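What follows is one structure encoded as C-alpha cells, with my remarks underneath.
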Amino acid sequence: MVKKILAVYLVAFLITAPVMAAEEEAPKEFPDYVVLPIEAGTVVPFDGVLLSLDAAAKIIIEKKFEDAECDLRIGYELHIQEEKYQLQLDYKDIEITSWKDKYESMMILKSAENDRLTNLVIKQRPGKDPFMIALGFGIGTLTSLGIFALSTDIATQ
C-alpha cells in the first residue's frame, strides 16, 4: 500500500514540476525593431548591430520580395506537378484508346470469322451419311423382324 501511495505521489510530482518551472519564467518582451538613419559620430541609445542605409534597404527589399519569391516557387512547383499529372492522364488516354482499337479490331475479326463459318455451314449440302445410316438401321430392323416372324411361324406349324 505504501508503494502505491509513493507511486501516486511521484507521478503527481513529475507531472506538476515542469508546469511550476514553466510558470516561474517571465516572458521576455521583444524589442521594437526600427531602422533609423544616423550620422557618423552620433551616439546611439542601444546595444546591437549598426546597419548602413544600403544594408537596411537590402534587408527591407529582401523581406518585401520574399513573399513574391515564395509565391513564384510554389507556382513553379505546382506547374511542374500539374504537367506531371497531365502527362499521366494523357498516357492513360492513349492507353485506353489503344485498348479500344484492339478490342474493336478483335471484334471485327471475330465477326468476320463468324460470318465465314455461317456461310460455310449454310452453303454445304447435308451429307448422305446420316440418311444411309438410318436406312441401314431400318432395313436391318425390318429384316430381323421378318426372320423372327418366319421362324416363329415355322416353329408353330
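Which residue, of Asp54, Asp71, is closer than 30 Å to Pro37 by Cβ, in a helix (DSSP H, G or I) and without any contact (Cβ under 8 Å) to a residue 60 or more places away in the chain? Outline the logic, then answer.
Numbers: Asp71 fails: closer than 30 Å to Pro37 by Cβ.
Only one candidate qualifies: Asp54.
Test Leu120 against the stated conditions and say whether it is at pLDDT 90 or above and either in a helix (DSSP H, G or I) or polar (S, T, N, Q) (or both). Taking the combined requirement at face value, the residue does not satisfy it. Would you mind stating whether Arg73 is surrounded by 10 or more Cβ atoms within 10 Å (Cβ to Cβ) and basic (Lys, Arg)? Taking the combined requirement at face value, the residue satisfies it.
The values are calculated or read from the model by the stated rules, or taken from the named source; none is laboratory data. Computed from a predicted model, the values in this text were never measured in an experiment. As a convention, Cβ positions derive from the backbone with ideal geometry for all residues, glycine included, and neighbour counts pool all protein chains shown.
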